[in-house]
1. Where residues in the stretch 163-195 are at pLDDT below 85 and either of a type in the set (Lys, Arg) or touching a Lys or Arg at 6+ places or on another chain (Cβ under 7 Å) (or both), which of them is surrounded by the fewest Cβ atoms within 10 Å (Cβ to Cβ)?
2. Which ones in the stretch 50-69 are over 12 Å from ASP240 (Cα atoms) and either open to solvent by less than 10 Å² (accessible area, probe 1.4 Å) or touching a Ser or Thr at 6+ places or on another chain (Cβ under 6 Å) (or both)?
3. Could you pull out the residue among ARG332, ARG308, ARG271 that is of a type in the set (Lys, Arg), more than 26 Å from MET67 (Cα to Cα) and in contact with a helix residue (DSSP H, G or I) (Cβ under 8 Å, 6 or more places away or on another chain)?
4. Take the stretch 86-121 and flag every residue that is in a loop (DSSP other than H, G, I, E, B), open to solvent by 40 Å² or more (accessible area, probe 1.4 Å) and at pLDDT 95 or above.
5. Of (1) part of a loop (DSSP other than H, G, I, E, B); (2) crowded, with 20+ Cβ neighbours inside 10 Å; (3) out of contact with any Asp or Glu (no Cβ under 6 Å at 6 or more places or on another chain), THR262 satisfies all except one. Which?
6. Looking only at the stretch 198-208, count how many residues are under 14 Å from ASP90 (Cα atoms) and among the hydrophobic types (A, V, I, L, M, F, W, C).
7. Please name all residue pairs, on different chains or six or more residues apart, with Cβ atoms under 9 Å, provided the first residue is in the stretch 17-30 and is assigned to a loop (DSSP other than H, G, I, E, B) and the second residue is among the aromatic types (Phe, Trp, Tyr) and surrounded by 11 or more Cβ atoms within 10 Å (Cβ to Cβ).
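The values are calculated or read from the model by the stated rules, or taken from the named source; none is laboratory data. All figures in this text were calculated on a predicted structure; none of them were measured in a lab. Positions of Cβ are backbone-derived with ideal geometry, glycine not excepted, and every protein chain shown enters the neighbour counts. Protein only, heavy atoms only, side chains kept; ligands, DNA and RNA dropped before computing areas. Shrake-Rupley method; radii C 1.70, N 1.55, O 1.52, S 1.80 Å.
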Amino acid sequence: MHPSLAQVHDRIELQKSALPQMYGDVDFTQTPERYTQDVAESSLPPSLHNMAPPPADMVARVKAYTMLGDVTADAYAALMGEYGFRRLVDLLTTACDEGLEAVPDAPPELVALITEMETRPDWLDMDMVRKGAALNRLPMAVTSPWMIRGAFLATFMNKYTALPMAITGTLGYSTSARRVNETATFFTVTTLPGALEPRGEGFKAAAMVRLMHSMVRFNILRKMKSWDVSVYGIPVPQVDQMPAGLIDVFLLAYQMLDEGRTEFTADERARVEFSRYRCYLLGLPEDLLMDTPQGIVDIMNARGASIRQGFDDETCGTLVRATLEAYLPPDRKLGHRIFNALEKRLARLVLVKHFLGGDSQKAREIGVPVGPLDYAVAMGLFPYISAKMALYRFALSVPGLRGIADRRLTARIRKLLKRYGHAEFTSDAEAYRPAVPVAA
């Protein structure tokens, strides 16, 4: 059963008394400038402006969670003054790898974080999650390496939601490749067999991502005097985790409703449960994790319609260009150089088609023009990717070949993880820079 709206607001207000060093000066009764109730002024694509509005209760929850951080992980991150950020990372790593019993005198905040993540919600069916992970191994191994950079750009298309990353200094030209690869690592590693179990690689990655986001919140709220909560709200609020965590099932649900279908197939349900549980491990409130096609579409649209539109070149444009110019492979071998050159062109098309509404003029204005060569590359690569996906789908549908195909995909994912490199999932306040004022 979902908490009432009153309980949601109590949870949000609790941040002030539970973590006064972070939230003591925050007025949780205010509505930040980033929030809007006018869909015409929102970040929702124009094609969805005439949609049936989401339920009022859902809209109210999205608005409330705009001011929610991650109370459990934030409390652990707030120990940085006592332990230092590197020590906190090491303790969390040990707890994830070996269990809390391997951490003598573990801080209560660390115990609370691991315990919360190990507590399984009533709706969880781990067999479905395991099946969903297996189903996601195919696109993660074959399609995602070509698309991850383009999908990552969604994070930068709004000045209100992109600002924390601009402040942290982790997405400049010199370090943008590392963050893209870390994002790829997280979503890739979670699809491995057993990854989301306690001691699993995906479980650990989720814990590290939660700590990283909480470190960002702690450092910005404590040290960045230019951060204006009345404008931006809480840094990296829970609702901003939804697009990355739920985009695949949102697209699935949207397509289903367009086809007139309202019930998931068994395989579709497994994919949904996998994504929901991954989001749960990341700390998203359960009442944001809908389990029906209409519910998923409504909650995602409610979130998109709640964020005021806005693109400024100093914040958004710089992040987009830095990400598109980054060299992602680990070395300069010929094969990797060719891959990087081709994949960057696909990323440009993803940017224009999915985040700029097909507006190639806007792409030129922000310094990432799309030309005939980009389309030519896509025309050559997409048939290759589609054919490879089809061959694997066939093999996975044949009992005698299914195990072999899955082992090959798992090996491919391991190889990709090696290429992406070791993910730190950390945020060092020494690299932060002042916030850029956001014009109304």
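1. Result: GLY169.
2. At the first step, the residues of the stretch 50-69 found to be over 12 Å from ASP240 (Cα atoms) are 50-61, 64.
Across the stretch 50-69, the qualifying residue is only ALA64.
3. Details: ARG332 fails: in contact with a helix residue (DSSP H, G or I) (Cβ under 8 Å, 6 or more places away or on another chain); ARG308 fails: more than 26 Å from MET67 (Cα to Cα).
Sole residue among the options that is of a type in the set (Lys, Arg), more than 26 Å from MET67 (Cα to Cα) and in contact with a helix residue (DSSP H, G or I) (Cβ under 8 Å, 6 or more places away or on another chain): ARG271.
4. Narrowing the stretch 86-121 to residues in a loop (DSSP other than H, G, I, E, B): 99, 103-107, 119-121.
Narrowing the set further to residues that are open to solvent by 40 Å² or more (accessible area, probe 1.4 Å) leaves 104-105, 119-120.
Hits for the stretch 86-121 are THR119, ARG120.
5. (2)
6. Residues of the stretch 198-208 under 14 Å from ASP90 (Cα atoms): 204-205, 207-208.
Remaining after also requiring among the hydrophobic types (A, V, I, L, M, F, W, C): 205, 207-208.
Qualifying residue count, the stretch 198-208: 3.
7. Short answer, once both residue conditions are applied: LEU19/PHE218.
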